Amino acid sequence: MNSDHTTNRISDLLRLAGFKDKHTVEELTDHYLSHIENEVKLGVNSQQAVRETFQDIANLDSSQFKVKKNLPANRWILLCVFLLTTLGFFFLQSNSTKEKLNTPSNTPTPLALQINNEPPNGAPILQNTLDITSDFGMRMHPYTKSRKHHRGIDIRAKIGTPVIATGTGKVIETGFKKKPGKYIIIQHEEGFTTKFYHLSEIAVEENEEIKKGQIIGKVGNSGLSMMPHLHYEILKDEIPVNPKEYLEP
Amino acid sequence: MDSNKKFLNGTLNTIVLALLRDNGRMYGYEICQKTKEATNNQINLTEGAIYPTLHRLEKEGLLFSTKEKVNGRVRKYYHVNQSSIKEVNSQINLLAQFVGNLRTLLKPSL
């Protein structure tokens with residue numbers, strides 16, 4: 001187990017799961033690393049322990065971790081006064097500033113070192129096994145029922161499963177369109193491009209340089225999609241190639 | 001495990017306080033493991049249960065925490081605040097008494 005990479009990835013996954021507080025991320029990172037160490041001590045294969053832990057984190061609900069506190073009555077009054085003052089202030093300011101929407105608050109840190117120039121490879125989601133529900137090539141479209149060339153593969157996964165970059169590169173496009181739903185397109189070296197469709201969340205920005213293994217978003221069911229899954233494409237010089245041939249790292 | 005969850009709702013605070021009082025400082029994962037071992041895998045505390053409890057008890061002043069570097073990372077240890085030991089003891093005793101009463105009430109002979 002490469003502990004630095006595992007540590008970084010755990011912290012990253014926690015932030016993606018909605019944990020904003022630095023101290024909580026630090027504490028939970030120690031929790032999960034302790035768990036991995038314990039599993040390995042019990043004889044579990046370290047890679048498997050790491051993978052299963054990542055999956056556990058991806059399924060975490062950060063809202064459970066909020067400490068609820070009953071405010072005494074005088075604090076409520078103070079809070080109301082504060083809110084009213086703040087609202088008034090923003091009301092006065094609102095015409096003079098226009099905030100840019102959709103600016104992610106934290107950009108995931110690079111997760112793994114890799115040799116540049118290698119084609120994108122490995123699994124595009126953090127999941128133990130890949131359940132490919134639709135292969136590359138000619139197929140009947142599940143939605144439109146027409147026979148069409150499928151430009152990628154569909155991998156079934158739960159909504160929220162982390163989607164990761166399969167190679168170092170640059171995000172050239174993100175957004176939402178009717179068919180792909182929320183999508184990300186990444187350009188890699190040697191004329192390779194990867195595309196990720198039907199996401200529920202996008203965690204990167206256009207023009208962002210990313211590293212292989214970095215979490216770029218979450219699996220979803222957006223766009224023309226019958227069930228939660230990731231549509232994953234690899235293109236070489238603009239021509240779609242079979243991603244299945246690149247799934248092994 | 002659902003029934004355990006139901007019962008833990010009102011008792012987890014006290015269980016954590018008792019573990020910390022009797023074992024000295026402990027960190028979150030250690031508390032989960034200790035509980036699991038002591039109950040023969042019957043009570044499995046989740047992260048979503050243990051950490052909010054620890055954080056709340058710390059906010060209330062019954063616990064305090066220290067940080068230490070372990071294996072290159074930061075570990076947060078919790079301790080019972082000795083200035084609150086009376087209250088901690090009283091909470092533990094009350095729960096122990098309640099459990100005793102439950103045992104009497106749930107006796108099959110009754």
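The values are calculated or read from the model by the stated rules, or taken from the named source; none is laboratory data. Since the structure is predicted, the reported quantities are computational estimates derived from the model, not experimental observations. Note that each Cβ is placed from the backbone with ideal geometry, even for glycine, and that neighbours are counted across all protein chains shown.
Looking only at residues of the range B:48-65 that are closer than 21 Å to residue A:18 by Cβ and of a type outside the set (A, V, I, L, M), we find that the one that is surrounded by the fewest Cβ atoms within 10 Å (Cβ to Cβ) is B:59. Of the residues making up the range B:1-33, those that are of a type in the set (Lys, Arg) and within 23 Å of residue B:61 (Cβ to Cβ) number 2. Taken over the range A:6-45, the residue count meeting the criterion of being over 18 Å from residue B:74 (Cβ atoms) and modelled with pLDDT under 90 is 3.
Considering the conditions (1) touching a Leu at 6+ places or on another chain (Cβ under 9 Å); (2) of a type in the set (Val, Ile, Thr); (3) farther than 20 Å from residue A:9 by Cα, residue A:133 is excluded by exactly one of them, (1). Looking only at residues in the range B:45-65 that are hydrophobic (A, V, I, L, M, F, W, C) and in a loop (DSSP other than H, G, I, E, B), the one that is farthest from the other protein chains (Cβ to nearest Cβ) is B:62.
In the list A:75, A:139, A:51, which residue meets the criterion of being modelled with pLDDT of 80 or more, among the basic types (Lys, Arg) and not assigned by TED's automatic domain parsing to the domain that holds residue A:194? Show your work before the answer.
Working: A:75 fails: modelled with pLDDT of 80 or more; A:139 fails: not assigned by TED's automatic domain parsing to the domain that holds residue A:194.
The match here is A:51.
Residue by residue, here is whether (1) in contact with a helix residue (DSSP H, G or I) (Cβ under 6 Å, 6 or more places away or on another chain); (2) more than 13 Å from chain A (Cβ to nearest Cβ); (3) among the charged types (D, E, K, R); (4) without any contact (Cβ under 8 Å) to a residue 40 or more places away in the chain holds:
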residue: B:17; (1), (2), (3), (4): yes, yes, no, no
residue: B:28; (1), (2), (3), (4): yes, no, no, no
residue: B:74; (1), (2), (3), (4): yes, no, no, yes
residue: B:82; (1), (2), (3), (4): no, yes, no, yes
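Here B:34, B:76, B:69 are screened, and the one residue that is touching a strand residue (DSSP E or B) at 6+ places or on another chain (Cβ under 8 Å) and exposed (fewer than 11 other Cβ atoms within 10 Å of the Cβ) is B:69.
Please work out if residue A:63 is assigned to a helix (DSSP H, G or I), among the hydroxyl-bearing types (Ser, Thr, Tyr), at pLDDT below 85 and under 21 Å from the mean Cα position of the chain (by Cα). Let's see the steps before the verdict.
Numbers: assigned to a helix (DSSP H, G or I): yes; among the hydroxyl-bearing types (Ser, Thr, Tyr): yes; at pLDDT below 85: yes; under 21 Å from the mean Cα position of the chain (by Cα): yes.
Yes, satisfied.
Highlighted here are the strands (runs of 3 or more DSSP E) found entirely within the range A:152-237 that include at least 2 residues which are hydroxyl-bearing (Ser, Thr, Tyr), within 19 Å of residue A:132 (Cβ to Cβ) and within 16 Å of the chain's Cα centre (by Cα): A:192-202.
Residues that are in contact with a helix residue (DSSP H, G or I) (Cβ under 6 Å, 6 or more places away or on another chain), part of a helix (DSSP H, G or I), surrounded by fewer than 18 Cβ atoms within 10 Å (Cβ to Cβ) and more than 10 Å from chain B (Cβ to nearest Cβ) do occur in the range A:37-44.
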